[in-house]
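The values are calculated or read from the model by the stated rules, or taken from the named source; none is laboratory data. Note that this is a predicted model, so its numbers are computed, not measured. Note that each Cβ is placed from the backbone with ideal geometry, even for glycine, and that neighbours are counted across all protein chains shown.
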Amino acid sequence: MNEYTDITEYYDLLMTNGYYDYESIAKSFHKVLGSQNKILEVGAGTGLLTEQFLKIDPNYEIMMIDHTESMLKIAKERLGNRVKIRQANLVSMELGEVFDAVISNGVWSMIDMGNNEYHLGTHIPQDEENSQALKNVSKHLHKGGLFLLNIQAPHKEKEFNLPGGIVYFQEALKQEEELEQYCIQKRYAFKKGNNIVAEQTCQYKFFTESATEKLMDESGFKFKAVDPSKEFHTYYKYKD
């Protein structure tokens, strides 16, 4: 599974300066969640999305998990004891609780390919581990519970300026391709002047629409809807 250990120091700087609009994402999720307020956020990183949830409704009962210790250290500083914070691996997690909804703003995402076509992207490139992780998510949901996955644009090269004279750039290279899935290697880098101050390379796997629905069905999920804001997909757990 991918980690952001080498770019933790610059993660929040990037994410809060144009990469994501966490306030908008949280508001869109909130509309769908309604009275379902026991939430598990997977791959929660430094807690930026959870922080926005609590601004909307401080009564949310949230557990956020990530497997990168350096990210969770920042989350604990940001959120204190307002939420449960756990270091856990999605493939093997045993949280001892069941939730109304699970939110993924990164571990799994739906990639908008255009023309109403979406591919599933994952930070877990190994097929067996990815399948097991999805089944683990299902296991931690009530029957009928929601699984919300954010929508992203396809990974591609980009570069932009950040505060403090930092320049961020990313590169994406398709490496392997099969009939219904493919992999991309993505490099995140931060530069100040002529020096690279932090960088991380990750590998992502993507599944076509037909492969996605098969994978979701095997994990106990059925597709429900695309949010009107086009910020996330909603699945629901249809079987125990």
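Out of the residues in region 189-217 that are over 18 Å from Ser109 (Cα atoms) and touching a helix residue (DSSP H, G or I) at 6+ places or on another chain (Cβ under 8 Å), which is surrounded by the fewest Cβ atoms within 10 Å (Cβ to Cβ)?
Once the filter is applied, the top-ranked residue is Gly193.
Among the residues of region 17-30, which ones are at negative phi, touching a residue at least 40 places away in the same chain (Cβ under 8 Å) and in a helix (DSSP H, G or I)? Before the answer, list the steps.
From region 17-30, those at negative phi are 17, 19-30; that's our starting set.
Remaining after also requiring touching a residue at least 40 places away in the same chain (Cβ under 8 Å): 17, 20, 24-25, 28-29.
Passing the criteria: Asn17, Ser24, Ile25, Ser28, Phe29.
Yes or no: Phe160 in a strand (DSSP E or B), buried (at least 19 other Cβ atoms within 10 Å of the Cβ) and of a type outside the set (Lys, Arg)? Please lay out each step first, then the result.
On the way: in a strand (DSSP E or B): yes; buried (at least 19 other Cβ atoms within 10 Å of the Cβ): no; of a type outside the set (Lys, Arg): yes.
Answer is no for this residue.
Hey, Ala198 hits all of (1) at pLDDT 95 or above; (2) touching a strand residue (DSSP E or B) at 6+ places or on another chain (Cβ under 9 Å); (3) more than 21 Å from Leu173 (Cβ to Cβ) but one; which does it fall short on?
Against the list (1) at pLDDT 95 or above; (2) touching a strand residue (DSSP E or B) at 6+ places or on another chain (Cβ under 9 Å); (3) more than 21 Å from Leu173 (Cβ to Cβ), Ala198 comes up short only on (3).
Looking at Phe190, Phe223 in this structure, which one is over 25 Å from His30 (Cα atoms), in a strand (DSSP E or B) and at pLDDT 95 or above?
Working: Phe223 fails: over 25 Å from His30 (Cα atoms).
On inspection, the qualifying residue turns out to be Phe190.
Go through the residues of region 138-146 one by one and say whether even a single one is exposed (fewer than 14 other Cβ atoms within 10 Å of the Cβ), touching a residue at least 12 places away in the same chain (Cβ under 8 Å) and closer than 21 Å to Asn105 by Cβ.
From region 138-146, those exposed (fewer than 14 other Cβ atoms within 10 Å of the Cβ) are 143-144; that's our starting set.
Next cut, touching a residue at least 12 places away in the same chain (Cβ under 8 Å) only: 143-144.
With closer than 21 Å to Asn105 by Cβ added as a condition, the list becomes none.
No: region 138-146 contains no residue that is exposed (fewer than 14 other Cβ atoms within 10 Å of the Cβ), touching a residue at least 12 places away in the same chain (Cβ under 8 Å) and closer than 21 Å to Asn105 by Cβ.
Just to verify a result, which residue in region 163-177, among those that are loosely packed, with under 13 Cβ neighbours inside 10 Å and under 19 Å from Asn17 (Cβ atoms), is nearest to the chain's Cα centre (by Cα)?
The extreme case among them is Pro163.
Please indicate, with yes or no, whether at least one residue in region 9-16 is in contact with a Phe, Trp or Tyr (Cβ under 9 Å, 6 or more places away or on another chain), part of a strand (DSSP E or B) and either within 19 Å of Leu149 (Cβ to Cβ) or among the polar types (S, T, N, Q) (or both).
First, pick out the residues of region 9-16 that are in contact with a Phe, Trp or Tyr (Cβ under 9 Å, 6 or more places away or on another chain): 9-11, 13-16.
Subset that is part of a strand (DSSP E or B): none.
No, region 9-16 contains no residue that is in contact with a Phe, Trp or Tyr (Cβ under 9 Å, 6 or more places away or on another chain), part of a strand (DSSP E or B) and either within 19 Å of Leu149 (Cβ to Cβ) or among the polar types (S, T, N, Q) (or both).
Name the residue, out of Met71, Met64, that is surrounded by 15 or more Cβ atoms within 10 Å (Cβ to Cβ) and over 18 Å from Leu141 (Cα atoms).
On the way: Met64 fails: over 18 Å from Leu141 (Cα atoms).
Selected residue: Met71, the only one of Met71, Met64 that is surrounded by 15 or more Cβ atoms within 10 Å (Cβ to Cβ) and over 18 Å from Leu141 (Cα atoms).
Show the residue pairs that are 6+ apart or on different chains and have beta-carbon atoms under 6 Å apart, the first residue being within region 150-169 and farther than 24 Å from Glu41 by Cβ, the second being among the acidic types (Asp, Glu).
If the second residue must be among the acidic types (Asp, Glu), the pairs left are Glu157/Glu171; Phe169/Glu159.
From the set of residues in region 226-237 that are outside any loop (DSSP other than H, G, I, E, B) and either at pLDDT below 95 or under 16 Å from the mean Cα position of the chain (by Cα) (or both), which is surrounded by the most Cβ atoms within 10 Å (Cβ to Cβ)?
Going through the qualifying residues, I end up with Tyr235.
Only one residue in Ala189, Ala198 is free of Cβ contacts under 8 Å to residues at least 40 places away in the same chain and not β-branched (Val, Ile, Thr), so which one is that?
Values: Ala198 fails: free of Cβ contacts under 8 Å to residues at least 40 places away in the same chain.
Exactly one residue qualifies, and that residue is Ala189.
The conditions are (1) within 30 Å of Leu141 (Cβ to Cβ); (2) modelled with pLDDT under 95, and Thr208 fails exactly one of them. Which is it?
(2)
Taking interchain pairs and intrachain pairs at least six residues apart, which have beta carbon atoms under 8 angstrom, with the first residue in region 216-229 and within 11 Å of Asp240 (Cα to Cα) and the second assigned to a loop (DSSP other than H, G, I, E, B)?
Close Cβ pairs satisfying both conditions: Gly220/Tyr238; Gly220/Lys239; Gly220/Asp240; Phe221/Tyr238.
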